[in-house]
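Structure first, then comments.
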């Protein structure tokens, strides 16, 4: 009988029970994590590590982009920014360029921090 990893069980439960707002926050945090791992891969000349994690970051940016609610004006701006970040991640992967990854990470950290503030304000308003 296979043993279940309690951490993976917890992680799965936290995703399954998260609100849409919390899921968005988790996506931003995951993107930052994968960019950091890709940077380590580049620094260590580990092309596979860099490639795998840049692709994971691209997938997250793509998910954020396709789940935008286009009924809001801000969504048009976010779509353009997500498109830009996706293209930069592709370029970073082709060139294995740490500077580009740091640029993308700066944007994603700003998005995450702003999202956290918005969540906090929304909770206060309830």
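Taken together, the values in this text are just the output of simple stated rules run on the coordinates, not laboratory data. Quick caveat, the model's predicted, so the values are computed rather than measured. Here the Cβ is made from the backbone with ideal geometry for all residues, glycine too, and neighbour counts use every protein chain on show.
For the reader, a short list of remarks on this structure follows.
- For segment 22-125, averaging the sequence separation of C-alpha pairs within contact (under 8 Å, six or more residues apart) and dividing by the residue count gives a relative contact order of 30 percent.
- Cα gyration tensor shape of the chain, rounded if a/c is under 1.5, else prolate or oblate by comparing a/b with b/c: oblate
- Helical contribution to [θ] at 222 nm, DSSP H n ≥ 4, -39,500 (n - 2.57), averaged over the chain, rounded to 500: -29000 deg cm²/dmol
- For segment 64-126: relative contact order, % (alpha-carbon pairs under 8 angstrom, 6 or more apart): 19
- FRET efficiency, 1/(1 + (r/R0)^6) with R0 22 Å, evaluated for residue 91 and residue 63 via beta carbons: 0.65
- Spin-label model, residue 16 to residue 40: label points 7 Å out along the Cα-to-beta-carbon direction sit 2.9 nm apart.
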